[in-house]
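Asker: Submitted below is the structure of interest, expressed as C-alpha coordinates.
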Amino acid sequence: MLVDGPAVLGWRSWRAMTEATSGRHLAHALTALVLEGTVPAQPVAPLTHLLSGAMNEAALWLAASEDAADLAATRQALTRILEALRAG
(Lines give C-alpha, C1' and ligand atoms only; values in the text may rest on other atoms or scores of the structure.)
Protein backbone atom coordinates (compact mmCIF):
# COMPACT_ATOMS: atom_id res chain seq x y z
CA MET A 1 0.00 0.00 0.00
CA LEU A 2 2.74 2.46 0.94
CA VAL A 3 4.67 1.69 -2.24
CA ASP A 4 1.96 0.92 -4.79
CA GLY A 5 -0.67 3.36 -3.51
CA PRO A 6 1.14 6.54 -4.52
CA ALA A 7 2.34 4.96 -7.76
CA VAL A 8 -1.14 3.84 -8.84
CA LEU A 9 -3.26 6.69 -7.49
CA GLY A 10 -0.76 9.50 -7.82
CA TRP A 11 0.96 11.20 -4.91
CA ARG A 12 -1.64 13.93 -4.35
CA SER A 13 -4.62 11.58 -4.40
CA TRP A 14 -2.89 9.10 -2.14
CA ARG A 15 -1.89 11.83 0.34
CA ALA A 16 -5.43 13.23 0.37
CA MET A 17 -6.84 9.78 1.10
CA THR A 18 -4.27 9.15 3.83
CA GLU A 19 -4.92 12.51 5.49
CA ALA A 20 -8.69 11.95 5.36
CA THR A 21 -8.44 8.55 7.04
CA SER A 22 -5.50 7.53 9.23
CA GLY A 23 -4.11 11.06 9.37
CA ARG A 24 -7.42 12.39 10.66
CA HIS A 25 -7.63 9.68 13.31
CA LEU A 26 -4.07 10.32 14.47
CA ALA A 27 -4.70 14.09 14.61
CA HIS A 28 -7.87 13.56 16.66
CA ALA A 29 -6.05 11.28 19.10
CA LEU A 30 -3.17 13.73 19.49
CA THR A 31 -5.59 16.64 19.93
CA ALA A 32 -7.35 14.74 22.73
CA LEU A 33 -4.01 14.03 24.41
CA VAL A 34 -3.07 17.72 24.23
CA LEU A 35 -6.46 18.83 25.57
CA GLU A 36 -6.30 16.44 28.52
CA GLY A 37 -2.73 17.52 29.30
CA THR A 38 -1.09 14.17 28.62
CA VAL A 39 0.95 15.79 25.84
CA PRO A 40 2.17 19.39 26.25
CA ALA A 41 0.28 22.07 24.33
CA GLN A 42 1.67 22.34 20.80
CA PRO A 43 0.52 22.51 17.20
CA VAL A 44 -0.92 19.10 16.37
CA ALA A 45 -0.51 19.21 12.57
CA PRO A 46 3.30 18.99 12.52
CA LEU A 47 3.29 16.33 15.22
CA THR A 48 0.75 14.32 13.25
CA HIS A 49 2.87 14.45 10.09
CA LEU A 50 6.08 13.62 11.94
CA LEU A 51 4.60 10.59 13.69
CA SER A 52 2.79 9.41 10.56
CA GLY A 53 5.98 9.64 8.52
CA ALA A 54 7.96 7.75 11.14
CA MET A 55 5.36 4.99 11.35
CA ASN A 56 5.07 4.71 7.56
CA GLU A 57 8.84 4.41 7.24
CA ALA A 58 8.90 1.77 9.96
CA ALA A 59 6.16 -0.17 8.15
CA LEU A 60 8.18 -0.11 4.91
CA TRP A 61 11.30 -1.25 6.73
CA LEU A 62 9.44 -4.04 8.52
CA ALA A 63 7.86 -5.23 5.26
CA ALA A 64 11.35 -5.76 3.82
CA SER A 65 12.84 -7.21 7.01
CA GLU A 66 13.58 -10.87 7.32
CA ASP A 67 14.27 -10.67 11.06
CA ALA A 68 11.21 -11.39 13.20
CA ALA A 69 12.82 -9.53 16.10
CA ASP A 70 12.55 -6.26 14.18
CA LEU A 71 8.81 -6.01 14.93
CA ALA A 72 9.35 -6.13 18.70
CA ALA A 73 12.24 -3.68 18.44
CA THR A 74 10.11 -1.30 16.38
CA ARG A 75 7.27 -1.49 18.90
CA GLN A 76 9.71 -0.69 21.69
CA ALA A 77 11.16 2.26 19.78
CA LEU A 78 7.71 3.65 18.99
CA THR A 79 6.68 3.26 22.62
CA ARG A 80 9.76 5.23 23.71
CA ILE A 81 8.99 8.00 21.21
CA LEU A 82 5.37 8.25 22.38
CA GLU A 83 6.35 8.17 26.04
CA ALA A 84 8.83 11.00 25.41
CA LEU A 85 5.89 13.16 24.27
CA ARG A 86 4.20 12.93 27.67
CA ALA A 87 3.93 16.09 29.72
CA GLY A 88 5.98 16.31 32.87
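Asker: Ignoring ligands, DNA and RNA, what percent of the accessible area of the range 48-88 is carbon or sulfur (1.4 Å)?
Answerer: Numbers: 1810 of 3050 Å².
The C+S portion of the solvent-accessible surface of the range 48-88 is 59 percent.
Asker: Estimate the FRET efficiency between S13 and L60 by the formula 1/(1 + (r/R0)^6), using the beta-carbon distance for r and 22 Å for R0, to the nearest 0.05. It would help to have the intermediate numbers written out before the result.
Answerer: Values: r = 19 Å, r/R0 = 0.88.
Rounded to the nearest 0.05, the efficiency is 0.70.
Asker: Right, next: For the range 19-88, run through the GluC sites (Glu not before Pro) and keep only the ones in DSSP coil with at most 16 other Cβ atoms within 10 Å of their Cβ. Could you put the intermediate results ahead of the total?
Answerer: On the way: sites: E19, E36, E57, E66, E83; in loops: E36, E66.
Answer by residue number: E36, E66.
Asker: Please list, ordered by chain and number, the residues whose modelled amide H lies under 5 Å from the amide H of V39; skip anything fewer than 5 residues away on the same chain.
Answerer: V34, A87
Asker: In whole Hz, with x marking every Gly and Pro, tabulate ³J(HN,Hα) for the range 16-21 from phi via Karplus 6.51 cos²θ - 1.76 cosθ + 1.60, θ = phi - 60°.
Answerer: Once θ is set to phi - 60°, the couplings for the range 16-21 become 4, 5, 5, 5, 6, 10 Hz.
Asker: Identify which of the listed values of Kirkwood radius over Cα pairs in Å was calculated from the structure shown: [x] 16.3; [y] 14.4; [z] 13.4.
Answerer: [y]
Asker: Considering Cα pairs under 8 angstrom that are at least six residues apart, work out the relative contact order of the chain and quote it in whole percent. All intermediate terms of the calculation are to be shown ahead of the outcome.
Answerer: Working: 36 pairs, mean separation 24.5, N = 88.
The normalised contact order for the chain reaches 28 percent.
Asker: With a probe of 1.4 Å, find how much accessible area the range 1-57 has per residue, and write the answer as a whole number in Å². Before the final figure, lay out each step's value.
Answerer: Values: 3820 Å² over 57 residues.
The answer is 67 Å² per residue.
Asker: What percentages make up the Cα-Cα pair-distance distribution of the range 1-42 when the bins are 5 Å wide from 0?
Answerer: All Cα pairs considered, the percentages come to 5, 23, 20, 15, 12, 10, 10, 4, 0.
Asker: Let me cross-check L51: its accessible surface, 1.4 Å probe, with only protein heavy atoms counted, in Å² to the nearest 10?
Answerer: L51 has an accessible surface of roughly 10 Å² with all protein chains in place.
Asker: GNM, the chain, Cα, under 10 Å: largest mean-square fluctuation among A41, A32, A64?
Answerer: A64
Asker: Heavy atoms of the protein only, probe of 1.4 Å, neighbouring chains included. What is the accessible area of W61 in Å², nearest 10?
Answerer: 120
The values are calculated or read from the model by the stated rules, or taken from the named source; none is laboratory data. Nothing here was measured: the structure is a model prediction, and the numbers come from that model. We place every Cβ from the backbone using ideal geometry, glycine too, and count neighbours over all the protein chains shown. Calculation scope for accessible area: heavy atoms of the full protein, side chains included, ligands and nucleic acids excluded. Shrake-Rupley method; radii C 1.70, N 1.55, O 1.52, S 1.80 Å.
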